[in-house]
Amino acid sequence: MQVFKAMMKIMRKRLPSAMIYIIVFIVISILVTNASTKDNKFEVTKLDICVFDEDDTPESRALTEFIGKTNDIDEIENDRDAIIDALYYKRVNYALIINKGYAEKLAAGDTADLFGSYHIDENYSVVYIGQFLDEYTTSVKAYLAMGKTVDEAISCTEEALSQHTDVDMLRVDKGGNSHYSVDFAGYFQYMPYILIAAVFTVICQVLVTMNNKDIRYRTNCSCMNSSKYTFQLIFGSGLFVISVWLLLIIIGAVLNKEMYTGRAWYAVFNSFIFSLVVTAMAVFVASFEPKENVLNIITQVLSIGMSFLCGIFIPMEVLSDKVLSVARFLPAYWYVKANNMIADIEPFSRSDVLLCCLVEAGFALMFIILTLLVRKVKYSGAAIATSAKKAAVSH
């Protein structure tokens, strides 16, 4: 196992590069987990609103005061340019104009053309205020139709609209009793990116060093055949990847504060198969002995490219059919597809999940075969050259 031992020595020097990716992934996972486990209490957002009361009646002032109970009223000069500047620089969210004749129209039950407004675009603030004003004037009109006076109608409307209900935002974990929580699903969703980035950063660099011309020629001169040499490289690479994968699995259980049970084991198995795919990919890429800058580009293209094309960073349901057609030729697509079924984003089917894992394993086998072929073709020339030199020396 001389090749394996040499590989481990080189790998220790490259380990800090991989740990950067892993540590960042862990920190982000901790932040996301802590944010998602907090009690989510729904609170109405306060808006910054400026009100220009052109009617200046008790009814219009009552509306302004009522708006101020749930929002912040800002004083701005009644000038078009000043209002637009305030909206553009986000000092206010909405500028409301209570038109002249508001009280008279409201008393007559006419709710048309009561207000004007300034706003930048059709955003949340515009919809919220528009809905609020519509509810307010409609309620006043309804109370007036019941025979109440204007003051009584406004008072009843304010009382009715002031009613609040405590709302708790609950997260619904898909998967029923499968014990595959939202946190687990999100954690496993982004794991392929970290596996590709961390593994390629270490394994490819180590293998490129091991494939150095001088080292390879010395190996060809020894009694070790090419297949045994390649096997030790794959074994060492696999051991490192499984160690990284096992670390991520343990951290996932710690962060989510629950052990893997039920359907979550499918996700564990799916990630294990994908880690083998990443190992085979790294060994295959390293067989071409790319320069370090080229290798960095390959790492980023594979990790980020597959993340965007295969549904890791962008959900599959929002990707176009053409993108998904291309993604089917990438192993990460089948990983994400299996993870979506496990999380019930797509209908769960045990046979379909295992089929996705089988396709991933097929990718791993393909890369291993291609690696053996590349090494046999690429390095056989070195063996022939070495034999020729030996023959020349003997003569």
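The values are calculated or read from the model by the stated rules, or taken from the named source; none is laboratory data. Please read all numbers here as calculations on a predicted model, not as lab measurements. Positions of Cβ are generated from backbone atoms using ideal geometry, with glycine treated the same way; all protein chains shown enter the neighbour counts.
Please give the helices (runs of 4 or more DSSP H) falling wholly within region 179-239 in which 2 or more residues are among the hydroxyl-bearing types (Ser, Thr, Tyr) and at pLDDT 80 or above.
Values: elements: 182-199, 205-210, 213-221.
Counting at least 2 such residues, we get 182-199.
Can you tell me which residue within region 318-345, out of those that are without any contact (Cβ under 8 Å) to a residue 24 or more places away in the chain and of a type outside the set (A, V, I, L, M, F, W, C), is surrounded by the most Cβ atoms within 10 Å (Cβ to Cβ)? It would help to see each step written out before you state the result.
Keep residues of region 318-345 that are without any contact (Cβ under 8 Å) to a residue 24 or more places away in the chain, which gives 318-329, 341.
Checking the rest, the ones that are also of a type outside the set (A, V, I, L, M, F, W, C) come to 320-322, 325, 328.
Numbers: SER320: 8, ASP321: 6, LYS322: 8, SER325: 9, ARG328: 12.
The extreme case among them is ARG328.
Among (1) part of a helix (DSSP H, G or I); (2) touching a helix residue (DSSP H, G or I) at 6+ places or on another chain (Cβ under 8 Å), there is one condition ASP344 misses while meeting the rest; what is its number?
The single condition ASP344 does not satisfy is (1).
Is it the case that some residue within region 262-274 is among the polar types (S, T, N, Q), at pLDDT 80 or above and either touching an Asp or Glu at 6+ places or on another chain (Cβ under 9 Å) or more than 24 Å from PHE313 (Cα to Cα) (or both)? Full working, then the answer.
Here is the first cut: in region 262-274, the residues among the polar types (S, T, N, Q) are 270-271.
After this cut, where a residue has to be at pLDDT 80 or above as well, the list is 270-271.
Those still in the list that are either touching an Asp or Glu at 6+ places or on another chain (Cβ under 9 Å) or more than 24 Å from PHE313 (Cα to Cα) (or both) too: 270.
Yes; the residues of region 262-274 include at least one that is among the polar types (S, T, N, Q), at pLDDT 80 or above and either touching an Asp or Glu at 6+ places or on another chain (Cβ under 9 Å) or more than 24 Å from PHE313 (Cα to Cα) (or both).
Do we have ASP53 as more than 19 Å from ILE154 (Cβ to Cβ) and charged (D, E, K, R) here?
Numbers: more than 19 Å from ILE154 (Cβ to Cβ): no; charged (D, E, K, R): yes.
Here the answer is no, as ASP53 does not meet what is asked.
Residues in region 41-54: is at least one in the same structural domain as GLU158 (by TED's automatic domain parsing), modelled with pLDDT of 90 or more and assigned to a loop (DSSP other than H, G, I, E, B)?
Within region 41-54, one or more residues are in the same structural domain as GLU158 (by TED's automatic domain parsing), modelled with pLDDT of 90 or more and assigned to a loop (DSSP other than H, G, I, E, B).
Taking LYS100 as meeting all but one of (1) basic (Lys, Arg); (2) over 13 Å from GLU59 (Cα atoms); (3) out of contact with any helix residue (DSSP H, G or I) (no Cβ under 9 Å at 6 or more places or on another chain), write down the number of the exception.
The one condition LYS100 does not meet is (2).
Just to verify a result, which residue in region 85-109, among those that are buried (at least 19 other Cβ atoms within 10 Å of the Cβ) and of a type in the set (Gly, Ala, Ser), is farthest from the chain's Cα centre (by Cα)?
ALA103
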